[in-house]
Structures are given as C-alpha cells and as structure tokens.
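Take a look at the structure below.
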Amino acid sequence: MPFPDLTGIPAVAIAMRGALVSFTTIAVALPLLGMRHLGGLEPLEIAAFDQLVRLKPAEPNSDPRILVVEIGERDIDKQKRWPISDRVVAQVLSKLQAAKPAVIGLDLYRNLPVEPGQKELAAQLAQPNAIAIQNIDTRTGTAAPPKVPPERIGFNDVAIDWDNVVRRNVLFAETETDVLYSFSLRLALAYLEPRGIALQESASYPGAPQLSKAVFLPLTETSGGYQKVEAAGYQILLNYRSPNHIAKQVSFSDILDGKVDPSWVKDKIVLIGSTAPSLKDIFATPYSPSLRENSKMPGVLLHAQMVSQLLDAATGKRPLFWFWSDSIEILWIVGWIFMGSLVGRITSHPVALITGTATSLLVLSGSCFYLFTTNGWVPLATPALGFVLAAGTIVSYRSYEALQKHKIVFTLLGQNTSPQIAQALWRGRKHLIESGKLPGISLIATMLFADIRDFSTISEQMTPEALLIWLNEILEIVTQEVIRHHGIVNKFTGDGIMAVFGVPTTHLRTVDEDAKAAVDCALAISDRLEQMNRNRQSKGLAVVQMRIGIFTGPVVAGSLGGKDRLEYGVIGDSVNIAARLESYNKDCQPTNCRILIGDTTWKPIEGQFEVEDLGELVLKGKQQKVKVYRVLKSLRGKHPPLNGSRNGLNSKSLPISTPSQNLQGTGNILKE
C-alpha cells in the first residue's frame, strides 16, 4: 500500500501549529473583548475584585485617628424616641468638644428641628470643627442644617454598584450652581489642614486634586474591571480596611454618661451616626459574602472607611488604587488568550493539559493578587476566561481534527487494506510523520494466498471493462470473508490476494486461533465460490476455480520502501512458503477451490478439519521439503468466523483423513 511523500512534514506541521494558535487567539479575543466592552464581563471582574479584597492582608490595627460614636438599638431604647432630640444630640456634641477633638462629623440629618433643643444644637453646629451633612440633590433629598456655612457641609451620598455593593468613594459632586465636597473629604481636610496638608491641584495631572504626594485621579467607566460603571462626579476606588479594624467605637449613651476616656477623643476625628439595624442605614461591601453576622456595614462606619483611606493616602501609608490604560489591559488579556492557545496546542496528554492549565491560571491569579497588594486592579476574570476558552477551543479542534484524520485514514487505507492495518498506521502515525516509516515488529502470523486459476485464458475472452467487473466480484467475496474471519488484506496481486491473520498485533488472538481462522476463511471462500459457480452455470458461463495456500510462521510487519513510496508489508520465509503452496502444481485442481496448508498450520488445528495428507513436498525455491495437507472440510459442519474461543474442543478426539480412493492430487501426482 503506497504512502505519500512525507518530506518536509515537520516544518509544515510547525507552521500549521503556529497558524492554529494565532487564529484561535484572534477568534477568542475578538468576541471576548467585544463582550467586555459591552459590560458583559463586568460581573465576573467585580466578583474577582471582591475576592481579592477579602484575600488581601488586613490592617493589623484600627485607625487611631478616628473615633466612631454609634447610635445602636440600646441607645434608641434608652432615649425612647427616634429621631433623638436636638437637645440630646447637642449634649453629646458639647461633651465631645470638651475633650478637644480635631473635628466632629455628625452623620445625622438635621435640616428640620427635632424639639426640644433646636437652639442648643445650632450653637454646637456653629463650632468651627463641626461638620454636618446633606444630600447632593436637595430637591429630592435632605438639605443641610440651617445657618451652617457651606465649607462645613459635606454630602453623605454613597455610590452603589449594580449589585448593591459599595466599592467607590465619591469625593466631589457638581450641581447646577456649585461643586460639593463629600462628608468624608470634609472631615479629612479639617484634620489635615492644621497639620500642613492642604488640597491643591496636581502639577503633573492638571485638574486632579492632590493631598501631599497623593494624586486623586478620577475613576472612569473602564477603570480596572469596570466597563460601564456610573462615574459621574469625581470618584476613586474605595480601599477598605478589614471590618474588624476600622476605628474605635463607643456608644452614644456612654458619651452622655461621661464613661469615655477623654484621650480617646482628643485630636481625633469623631463621627456620630446610627448603627442600629432597625434604621436600615446599612450597605453591602466586598466583605459581606464572608460575614455570617452583621454582613452589611452601617453608613457611619462606611464614612469612617473613606476618611481613613484619604488620611492614609495623604500621609503615604496606603497608596490609592491604580489602573492600567485600556490598551495595556487589552494586551494583557490577549497575551493570556495566546498562552491558553499555546498550552492547548503543545499539550497532548490530559494530565499535562490539566497541569498546564492549572499552573497558568495559578500564575495569572498570583500575579493579579500581587499587583492588588500594591493597590493595582488589573483584569483577572477576563484573561482567565480567555485562557480557558482558547485552550478549550484548541483541544476541541484537535479532537475534531483527530477524529476527522482517523476517519480519513480509515477511509483511504481501508480501500487498499484492512481496518486492522489502518489501526496500526493510526497508532504509529507519530513515527510515520516523523520518520516516514512504521517500525517493524516480529510476530507469528498465518498467511493466506488466493489466486484464480487460468486467469490469463479467461481475460483473453473478455473485454477489459467486463473483466474488471468480474474480477472485482470475486475479489470482493474473498475480501469479505477475510475480514469476517478477522484477517487483513495486505495486498491484491492482480487476480489474487494476500491476506494475513495475526498482524499488525498479536495481543487480540493466539497463534492457534489465527491458524484456525485462516482455514475457516478458506473453506468459507470455497463455499461462496460454489454458490457463484451455480449461478454462472445456470447462465451458461464457465466455472471459476481458485487455489489457496496457507502457512503459519514468523514474519516481520512494518512499512517498506523509501521516502518516495512506502507500503505496509509483511515479509519473511513464511510468506514465501504460503505463496508457493498456492502456486504448487497449478494443473492439479481436485475441486473448484483447492486449499493447501503447511504442517505448521495443521498442528494447531489438528482434529478440527478433515484433511488429506500429501506428504513432504519440494516447493519452488525451497531446499527443505514442507509437509503439506489439503483441507477437505470442517468437522464442525460450518466455517464460522473466529470468536476467540475453542469452545472446549479436544483436537485429539477428531480423526485425520487418510488419502481417499478418488483423490486426484496425491503426493505422487502433485508436482511443482
């Protein structure tokens, strides 16, 4: 069976692999980047961000510059009313002022009086270090307390993402008439300005505010993993402290009762606000999924988080979040998609593929986490998804390609040989592609040669077209029976055929079973030939006769030839003997299908067939004689395909036939 020229295959294969990796990278990157641009992957990136926040090492201590005065359920019960009266709030402010805090932030709406005590509260809010709150849109929200100057008013509106989680800190908001400062920014500035740190415009980034060396670059709708975030106003990404290490907290009632150490208040930023769950001033944070109790954070603590971030940025303790540009993010994502394509292409074994994928994703996650510890938020979910999709696409394509190649190989090779040889070629395709040859294997096999008697005479009486149809009809019968009995058709020899039982592998059947299968096959061919002849005789056509030679012995199976032409071959002296048995004394044809077998074939099947002992014969080209038998029939009545079992037959219980009286081809008559 010829093979194509395989010269240059490795170079072509490498080029094709490179093209496949490039094509897959582009095919995965374009729709993935398009989906990312439309915001379809933002939920995955947000989820990755939250996980990184939870994994990031927590600050060891609470912020010592901040004190939170919380109004809890017990404080409300003690006052027996909500809102708490202005007088009680004023009393708390007075007690705090006595301890000389740096600044006090009242996170309670006081646009309307809550009598009694409106005048007392107004007097406390008139203090230069008191900061009050309002909403950005006072037309639909809450306005600031009356008579408090704008420079001591901050909005307490919180930016909430689409999943109701707070991840952003809004510093400024612009209205139709003014630019408003946030509550947290007002508190931070009131604390920092006396210490020589004032808000100014950055010289390096015109228009951007700066505190000391910290430049507050605005969050855009595509910063980090965001793609469609509402970035109105001037926002930064909120850098959380651990929920357990925000700031020292004391109760509202303890301040009233004078139970708080004044040193806890002196020179501190004091925030007063509600923490009672019943007031529902609570917000989800990236930590919420990991908290079993109090999973949401009260608004006053959220503002404490924001104040702490601003103070740390101004003093250089914790840098602000930074992001890559869109172009660098795209290169980052495409690079990981390329890596996924490469891993999928160069790994073949499932374990290697799983190991390579897991290692790559671990490197990706580790890199993103390391950058996150430096406050850098770079895409994680998108490149991970792209990596998996690219690797999966390559693996799927290779599986499909292997299936198609498998089908093609079996289709093409099956036209010239048997499925078993095709299987051998498929299993050895690596050797075939790399060296152009299949390595030879030594084994014991049974060869069967079949040939049509007087083919030359018959061919003279038929047109080439008719001859081809007639010949194919006969060869089809032979081929069907060979395959049905688990043999392989190694080659067609014009008007004959060479079949082998026991190659290309021997692990499926024993040598004895191969020998029996070959003889069963020969008898089945004889039966089919008789049926054909009966049909031909009914049409007045000549009888077709065949000769079959079978021999069992050692052979070597593998590819033969050079780089320009190869074929799968079986060679060895056993092949020659089988061919000589078929062609021995062509003029002697006792039956329409003469079957001669050698002694090595007869011994394994002795007692299962009725044979005629022809004695030791001298075959053409052989110096040593070969003991030959002519097979007459099966002693089992039929010639079924080999099923891999002897069904308990005892060969010694079946007789060997002696030469019959009417035998035409005895050992004395048959001649080479």
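The values are calculated or read from the model by the stated rules, or taken from the named source; none is laboratory data. In this text, all values refer to a predicted model and were calculated from it rather than measured experimentally. With ideal geometry, Cβ positions are generated from the backbone for all residues, glycine too; neighbour counts draw on all protein chains shown.
A few remarks follow.
- Matching residues, segment 285-344, being within 20 Å of PRO60 (Cα to Cα), modelled with pLDDT under 95 and touching a helix residue (DSSP H, G or I) at 6+ places or on another chain (Cβ under 6 Å): SER290, ARG318
- Index of the failed condition, PHE252 passing every other in (1) of a type in the set (A, V, I, L, M, F, W, C); (2) within 25 Å of GLY376 (Cα to Cα); (3) buried (at least 19 other Cβ atoms within 10 Å of the Cβ); (4) modelled with pLDDT of 95 or more: (2)
- Failed condition for LEU185, given (1) surrounded by 18 or more Cβ atoms within 10 Å (Cβ to Cβ); (2) within 30 Å of THR382 (Cβ to Cβ); (3) at pLDDT 95 or above: (2)
- Total residues in segment 118-137, condition touching a Pro at 6+ places or on another chain (Cβ under 9 Å) and closer than 15 Å to SER184 by Cβ: 3
- Qualifying position, being at pLDDT 85 or above, farther than 29 Å from GLU473 by Cβ and crowded, with 16+ Cβ neighbours inside 10 Å, among SER559, SER574: SER574
- Residue in segment 52-60 that is assigned by TED's automatic domain parsing to the domain that holds PRO243, among the aliphatic types (A, V, I, L, M), farther than 16 Å from PHE369 by Cβ and at pLDDT 95 or above present: no
- Residue satisfying condition, being in contact (Cβ under 8 Å) with a residue 24 or more places away in the chain and either surrounded by fewer than 18 Cβ atoms within 10 Å (Cβ to Cβ) or out of contact with any Pro (no Cβ under 7 Å at 6 or more places or on another chain) (or both), within set ALA214, ALA198, ALA203: ALA214
- For segment 55-151, the helices (runs of 4 or more DSSP H) that sit wholly inside it and include 2 or more residues that are touching a Leu at 6+ places or on another chain (Cβ under 6 Å) are 86-98.
- Screening segment 130-178 for residues that are in contact with a Lys or Arg (Cβ under 7 Å, 6 or more places away or on another chain) and of a type in the set (A, V, I, L, M) and picking the one that is surrounded by the fewest Cβ atoms within 10 Å (Cβ to Cβ) gives ALA159.
- When residues of segment 470-487 are limited to those that are modelled with pLDDT of 85 or more and hydrophobic (A, V, I, L, M, F, W, C), the one farthest from CYS593 (Cα to Cα): ILE483
- Residue selected from segment 349-371 under the condition surrounded by fewer than 20 Cβ atoms within 10 Å (Cβ to Cβ) and in contact (Cβ under 8 Å) with a residue 40 or more places away in the chain, by the criterion nearest to the chain's Cα centre (by Cα): LEU353
- When we screen PRO116, PRO83, PRO64, PRO101 for residues that are crowded, with 19+ Cβ neighbours inside 10 Å and either assigned by TED's automatic domain parsing to the domain that holds PRO145 or touching a Cys at 6+ places or on another chain (Cβ under 9 Å) (or both), the only hit is PRO101.
- Identification of strands (runs of 3 or more DSSP E) wholly contained in segment 207-323 with 2 or more residues that are closer than 29 Å to LEU38 by Cα and assigned by TED's automatic domain parsing to the domain that holds ASN129 yields 234-237.
- Filtered residue count, segment 63-102, keeping only those that are among the β-branched types (Val, Ile, Thr) and within 56 Å of the chain's Cα centre (by Cα): 4
- Segment 372-389 - residue that is within 15 Å of the chain's Cα centre (by Cα) and more than 13 Å from ALA48 (Cα to Cα) and, of those, surrounded by the fewest Cβ atoms within 10 Å (Cβ to Cβ): VAL388
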